[in-house]
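What follows is one structure encoded as structure tokens, with my remarks underneath.
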Amino acid sequence: MKGSSKMKKEVIEIPGVSEDSSRGGPPLSAVVKAGEFLFVSGMPPKDYETGKMISGDIAAQTRKVLDNLRMVLEASGSSLDKVVKTTVFSANAAYFGLINEIYREYFPKDFPARTFVTVGSWPSQFDIEIECIAIAG
């Protein structure tokens, strides 16, 4: 096609996260770059230094998830202020208000587009996961 550029798909390796994601888990990449965008897989409330999942307190879980998103975005050359879309997956719709309070700390203005989805369960003990699409670089 005249004037079109080829888009490439590039898997971004994130130290600690990529190895953890591929070790016996689902077949996924933590971050994939396509054109000018980064696609970040759902980040659970996992402490990638200790390997332990944060469970219980939804506020602590939400902060950890958003810290994980920040970490993988920055490791990929982007940042939270370049996020254009998030999807929040929560195990309980009653967490909506508290999740929003904490979410606002990380996204204080120019909010990304967002979808909030209530899910039944995950194969591990946690209550929130967030995925996002961000502008690369």
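Looking only at the range 12-24, how many residues end up being open to solvent by less than 40 Å² (accessible area, probe 1.4 Å) and either at pLDDT 90 or above or of a type outside the set (D, E, K, R) (or both)?
6
Could you grab me the full set of residues in the range 102-116 that are open to solvent by less than 50 Å² (accessible area, probe 1.4 Å) and touching a strand residue (DSSP E or B) at 6+ places or on another chain (Cβ under 8 Å)? Outline the logic, then answer.
Let us first name the residues in the range 102-116 that are open to solvent by less than 50 Å² (accessible area, probe 1.4 Å), namely 102-103, 106-107, 112.
Correct list: Tyr103, Phe107, Pro112.
Considering each of Asp67, Asp57 in turn, give the residue that is under 22 Å from Phe111 (Cβ atoms) and not aromatic (Phe, Trp, Tyr).
Numbers: Asp57 fails: under 22 Å from Phe111 (Cβ atoms).
Of Asp67, Asp57, the one residue that is under 22 Å from Phe111 (Cβ atoms) and not aromatic (Phe, Trp, Tyr) is Asp67.
Just wondering, is there one or more residues in the range 51-68 that are surrounded by fewer than 16 Cβ atoms within 10 Å (Cβ to Cβ), in a strand (DSSP E or B) and either in contact with a Ser or Thr (Cβ under 7 Å, 6 or more places away or on another chain) or at pLDDT 95 or above (or both)?
Among the residues of the range 51-68, at least one is surrounded by fewer than 16 Cβ atoms within 10 Å (Cβ to Cβ), in a strand (DSSP E or B) and either in contact with a Ser or Thr (Cβ under 7 Å, 6 or more places away or on another chain) or at pLDDT 95 or above (or both), which makes the answer yes.
Taking the options Val32, Val40, name whichever one is surrounded by 14 or more Cβ atoms within 10 Å (Cβ to Cβ) and either among the hydroxyl-bearing types (Ser, Thr, Tyr) or touching a residue at least 24 places away in the same chain (Cβ under 8 Å) (or both).
Working: Val32 fails: either among the hydroxyl-bearing types (Ser, Thr, Tyr) or touching a residue at least 24 places away in the same chain (Cβ under 8 Å) (or both).
On inspection, the qualifying residue turns out to be Val40.
Go through (1) modelled with pLDDT of 95 or more; (2) in contact with a helix residue (DSSP H, G or I) (Cβ under 9 Å, 6 or more places away or on another chain); (3) open to solvent by 20 Å² or more (accessible area, probe 1.4 Å) one by one and return the number of the condition Tyr48 breaks.
Of everything listed in (1) modelled with pLDDT of 95 or more; (2) in contact with a helix residue (DSSP H, G or I) (Cβ under 9 Å, 6 or more places away or on another chain); (3) open to solvent by 20 Å² or more (accessible area, probe 1.4 Å), Tyr48 misses just condition (1).
Being farther than 23 Å from Gly16 by Cα and of a type in the set (Lys, Arg) narrows it down to one of Arg70, Arg63, Arg114, so name that one. Don't jump to the end; show me each part of the working.
Details: Arg70 fails: farther than 23 Å from Gly16 by Cα; Arg63 fails: farther than 23 Å from Gly16 by Cα.
Selected residue: Arg114, the only one of Arg70, Arg63, Arg114 that is farther than 23 Å from Gly16 by Cα and of a type in the set (Lys, Arg).
Take the residues in the range 74-101 that are surrounded by 18 or more Cβ atoms within 10 Å (Cβ to Cβ) and touching a helix residue (DSSP H, G or I) at 6+ places or on another chain (Cβ under 6 Å), then tell me which one is farthest from Val17 (Cα to Cα).
So, considering only residues that are surrounded by 18 or more Cβ atoms within 10 Å (Cβ to Cβ) and touching a helix residue (DSSP H, G or I) at 6+ places or on another chain (Cβ under 6 Å), the one farthest from Val17 (Cα to Cα) is Tyr95.
The values are calculated or read from the model by the stated rules, or taken from the named source; none is laboratory data. Everything numeric in this text was worked out from a predicted model, so none of it was measured. Virtual Cβ from ideal backbone geometry, glycine too; neighbours counted across all protein chains shown. Just so you know, the surface numbers come from the protein's heavy atoms only, side chains and all, with ligands and any DNA or RNA stripped out. Shrake-Rupley method; radii C 1.70, N 1.55, O 1.52, S 1.80 Å.
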